[in-house]
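A short write-up of the structure that comes next.
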């Protein structure tokens, strides 16, 4: 995982130089979600929303 806030923003900005929108995977805490949402055109997904998961067997 990304340890420091400055490292997080450095990596996100590098990724955003190649695309218009970023989805961050692996978000598990409110603090992580807030950090991701502080970046324009950046969303997240992960275990923070585990209670909303559903299982489908085909």
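Some values worked out for this structure:
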{"read-out": "Selection count, the range 5-45, where residues are on the phi > 0 side of the Ramachandran plot and over 8 Å from the mean Cα position of the chain (by Cα)", "value": "1"}
{"read-out": "Residue within the range 5-25 that is without any contact (Cβ under 8 Å) to a residue 12 or more places away in the chain, assigned to a loop (DSSP other than H, G, I, E, B) and touching a helix residue (DSSP H, G or I) at 6+ places or on another chain (Cβ under 8 Å) present", "value": "no"}
{"read-out": "Looking only at the range 27-37, and only at residues there that are part of a loop (DSSP other than H, G, I, E, B) and out of contact with any strand residue (DSSP E or B) (no Cβ under 8 Å at 6 or more places or on another chain), the one that is surrounded by the most Cβ atoms within 10 Å (Cβ to Cβ)", "value": "28"}
{"read-out": "Pick from the range 38-47, criterion within 14 Å of residue 26 (Cα to Cα) and out of contact with any helix residue (DSSP H, G or I) (no Cβ under 6 Å at 6 or more places or on another chain), ranking: surrounded by the fewest Cβ atoms within 10 Å (Cβ to Cβ)", "value": "47"}
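Bear in mind these aren't lab numbers, they're just calculated from the coordinates by the rules spelled out. If you're wondering where the values come from, they're calculated on a predicted model, not measured in any experiment. Cβ sites come from the backbone with ideal geometry, for glycine too, and all protein chains shown count toward neighbours.
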